[in-house]
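These notes are about the structure you will find just below.
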Amino acid sequence: MSDIRYDFGSGRSNPETFPVADLQAAAVRVIAEQIEELNDYPGKLGFAPLRRAMAQRESEREKVAVDPDHIVLTNGSMQAVTLAGEALAAPGDPIIVEEYSYPGTLSAYRSLGLEMSGVPLSADGMRLDSLEAELHRLQQAGRPAKFIYTISTYQNPTGFTMPKQRRLQLIEIARQFDVPIVEDNCYADVYYEGELQPAIYALDDDPRHIYICSLSKILAPGLRLGYFLARPPMLEKLLARRHDAGSNTLAAAIVAEFYRDGVWQHTRYGNEALLVKRNLVLSALEAELTDLCVWSKPEGGLFVWVRMPDDVDRTELWRRTQADGFAYLPGAAFHYAGENVPYLRLAFGHLSEAQIRDGIPVLARCLRECRTSNEPMQHTSLFARD
């Protein structure tokens, strides 16, 4: 197998816009000026200046007041995802996820022994008719769902965004069935175009809801800085599951110093470069695969979701693309039950423009070589599988 030259599999931020000099300067100041803080444990909430910076980020985006003492820094957003699962459910308990979701979340909840029900997606996110039917089914079986997990904005892997009206309907359904919502909003600030939609927590002050966000997508995943927002008493319930003495103070202090004037200047700079890459992916797909595939056109985030012909030998496609130096993540990685579905996800944030331009034709050639028939494309929808 050849080395991977076109890694469309890994959902990482853009190294080309990583603020090397500014972070170096911030680190020098922090190490010189915050000796006492660096020689102490951060506590369960985490480094206060970064919590204040993230509260400012949330309040400015959502136009609501956010208490920094309701924000808890975590080791990436995945720690928050796992803490939510541990706090709200026990092994064997049913929970609701989107039919396609982030593999890290699916893996975490499988390891906790949670029973996931996958709700189908549409271009407007989770299908609420299916959600309501599944919640009713579980309730009638005497096994009500313990929580609903949703990536409501620039959903991973599909890139879909749930409109405000559907979010309000989701809130009402959750209230009707007395079930909390765990909202994963890690991609919200990777914005390119379109109408910005409010976070669920900004639309509803139900203290059972949990909101999760991250710095992995707008800055760098290697910093391992995420957070959750929860109101008492849910806040205390989550903190009771935390036993790691808090998150990394050095990383938090450097980032808080870097964001002293807010997150938006660097975020906009990063998004401008990412938009160029997204457009290159969409243009390359249009040039190479219009006759065979359909795909999402995300208004934000780092991913394009591609539906391939049903007659593609997906095992052979994986083997052949790997041999030709092209990596992607197959649809099965995102399916809540691991079903071998005819989809794949392309991540573009960390790739160079040349890698995008040269890589998509490799995928297109492999897809054509791995078809088991010469039938014309049967589907025009990204959703239906019939």
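A few comments on the model shown:
- Residue that is in a helix (DSSP H, G or I) and surrounded by fewer than 15 Cβ atoms within 10 Å (Cβ to Cβ), where the choices are Thr315, Thr321, Thr380: Thr315
- Any hit, region 263-273, residues being assigned to a loop (DSSP other than H, G, I, E, B), at pLDDT 95 or above and not hydroxyl-bearing (Ser, Thr, Tyr): yes
- Looking only at residues in region 121-151 that are part of a helix (DSSP H, G or I) and small (Gly, Ala, Ser), the one that is nearest to Ser77 (Cα to Cα) is Ser130.
- Here Leu83 fulfils each of the conditions (1) in contact with an Asp or Glu (Cβ under 8 Å, 6 or more places away or on another chain); (2) among the hydrophobic types (A, V, I, L, M, F, W, C); (3) under 18 Å from Cys213 (Cα atoms) apart from (1).
- Lys217, sole failed condition from (1) buried (at least 17 other Cβ atoms within 10 Å of the Cβ); (2) touching a helix residue (DSSP H, G or I) at 6+ places or on another chain (Cβ under 7 Å); (3) of a type outside the set (Asp, Glu): (2)
- Only residues that are buried (at least 23 other Cβ atoms within 10 Å of the Cβ), of a type in the set (A, V, I, L, M, F, W, C) and in a loop (DSSP other than H, G, I, E, B) were counted in region 78-113, giving 0.
- Taking residues in region 85-100 that are closer than 12 Å to Val182 by Cα, and partners anywhere that are in a helix (DSSP H, G or I) and among the small types (Gly, Ala, Ser), the pairs with Cβ atoms closer than 7 Å and at least 6 places apart or on different chains are Gly85/Ala108.
- Residue check: Ala245 meets all listed conditions (1) modelled with pLDDT under 95; (2) outside any loop (DSSP other than H, G, I, E, B) but one, namely (2).
- If you go through region 334-386 and pick out every residue that is among the basic types (Lys, Arg) and touching a strand residue (DSSP E or B) at 6+ places or on another chain (Cβ under 6 Å), you end up with 2.
- Which listed residue, of Arg52, Arg127, is touching a helix residue (DSSP H, G or I) at 6+ places or on another chain (Cβ under 7 Å) and either at pLDDT 95 or above or closer than 23 Å to Gln176 by Cβ (or both): Arg52
- Looking across Thr249, Thr267, one residue alone is among the polar types (S, T, N, Q), surrounded by fewer than 21 Cβ atoms within 10 Å (Cβ to Cβ) and in contact (Cβ under 8 Å) with a residue 60 or more places away in the chain. It is Thr267.
- Index of the failed condition, Leu292 passing every other in (1) in contact with a helix residue (DSSP H, G or I) (Cβ under 7 Å, 6 or more places away or on another chain); (2) surrounded by 15 or more Cβ atoms within 10 Å (Cβ to Cβ); (3) in a helix (DSSP H, G or I): (3)
- The set of residues in region 274-303 being of a type in the set (D, E, K, R) and in contact (Cβ under 8 Å) with a residue 24 or more places away in the chain consists of Lys277, Arg278, Glu288, Asp291, Lys297, Glu299.
The values are calculated or read from the model by the stated rules, or taken from the named source; none is laboratory data. None of the values given here were measured: they were computed from a predicted structure. So basically every Cβ, Gly included, is an ideal-geometry build from the backbone, and we count neighbours across all protein chains shown.
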